[in-house]
1. Report, by residue number, each residue of region 37-53 that is of a type outside the set (Gly, Ala, Ser) and not in a strand (DSSP E or B).
2. Do we have residue 51 as over 14 Å from residue 93 (Cβ atoms) and at pLDDT below 90 here?
3. Please specify each residue of region 19-48 satisfying the condition of being at pLDDT 90 or above and among the polar types (S, T, N, Q).
4. How many of the residues making up region 51-70 are in contact (Cβ under 8 Å) with a residue 40 or more places away in the chain, out of contact with any Asp or Glu (no Cβ under 8 Å at 6 or more places or on another chain) and surrounded by fewer than 16 Cβ atoms within 10 Å (Cβ to Cβ)?
5. Considering only residues of region 71-94 that are part of a strand (DSSP E or B) and surrounded by 15 or more Cβ atoms within 10 Å (Cβ to Cβ), which is modelled with the lowest pLDDT?
Amino acid sequence: MRLKDYTDLPNMVQLVNLAELGETAKSITALQCPFCGGDPEVQLGLAYRECVLLSVACSACRISTPRLITGQMISGNTYTLQDRLQEAVQLWNRRI
């Protein structure tokens, strides 16, 4: 997977094209940005230990979905990268 660094984004966030995530994003399709028509990318950032923060963002205007976290939650629920990626893309694709 090739990652692109954006040093101006907080918490060492990196943007990745959905196609670059391979098997993790195999059946996931994100729509173009509803505001500017830009290409969607996945923002990945390390939260703590093995947990990852992720959201879907526009590569042009940088509008994004809320950040979701992977791993074991205090509630006992566990979320994988694929679970959260699907949830983030569903949020991104939602049009009101």
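The values are calculated or read from the model by the stated rules, or taken from the named source; none is laboratory data. Since the structure is predicted, the reported quantities are computational estimates derived from the model, not experimental observations. Using ideal geometry, Cβ is built from the backbone for each residue, glycine included, and neighbour counts are taken over all protein chains shown.
1. 39, 49, 50
2. So residue 51 passes the test.
3. Hit for region 19-48 is 32, nothing else.
4. Number satisfying all stated conditions: 0.
5. Out of the qualifying residues, it is 71.
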